[in-house]
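Undergrad: Handing you a structure now.
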Amino acid sequence: MNTGTVKFYNRMHKFGFITPEDSGTELFFHATDVTGSKVADGDKVEYEIGEGRKGIQAKNVSKIKSEVAPEVASEAAPEVASEVAPEVDPEE
């Protein structure tokens, strides 16, 4: 299976483009070829290459679930981090 990054995805028109990791040519994909969870710009995806109506395109596109380190998750969601480790007031 090939891997790449979603360069652009238009939810309204239901199509997008993937930049392959092997630095090949960008590939078109349609929303009907996305399996599993929805994709967005910047998502890492796995896909197969197949023939579409207008030529070669990505098929069976699926988002790659990434493991996020706890430090990164805390920075991404500060409201969750405050529930886990309450802030300390330095003046107390």
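Undergrad: With +1 assigned to the C-beta of every Lys and Arg and -1 to the C-beta of every Asp and Glu, and no other charges, what is the dipole magnitude of the stretch 2-63 about the Cα centre in debye, to the nearest 20? Walk me through the numbers on the way to the answer.
TA: Values: 9 positive and 9 negative charges, 70 e Å.
For the stretch 2-63, the charge dipole is close to 340 debye.
Undergrad: If you don't mind, there's one more thing I want to ask. Arrange the following residues from fewest to most other Cβ atoms within 10 Å of their Cβ: M12, M1.
TA: Listed from fewest to most nearby Cβ atoms, that is M12, M1.
Undergrad: Further question on the same structure: For the stretch 2-63, rounded, prolate or oblate, judged on the Cα gyration tensor with a ≥ b ≥ c (square roots of eigenvalues), a/c < 1.5 rounded, else prolate if a/b > b/c?
TA: rounded
Undergrad: Sorting V39, V61 on the 10 Å Cβ count, fewest up front, what's the list?
TA: Details: V39 21, V61 27.
Going from least to most buried by this count: V39, V61.
Undergrad: While we're here: Expressed as a rounded percentage, what relative contact order does the stretch 2-63 have, with Cα pairs under 8 Å and six or more residues apart?
TA: Value for the stretch 2-63: 34 percent.
Undergrad: Mind sorting S62, S23 by how few other Cβ atoms lie within 10 Å of their own Cβ, fewest first? Could the numbers behind the result be given before it?
TA: Numbers: S62 17, S23 7.
Ascending Cβ contact count within 10 Å gives the list S23, S62.
Undergrad: Using 0.36 nm per residue of separation minus the Cα-Cα distance, give me the extension gain between E26 and K54 in nm, one decimal.
TA: Going from the current span to full extension adds 8.7 nm.
Laboratory data are not the source of any read-out in this text; all were calculated from the coordinates shown. Computed from a prediction, not measured in an experiment: that's the story for all the values here. Neighbour counts run over all protein chains shown; Cβ positions are idealised from the backbone, glycine included.
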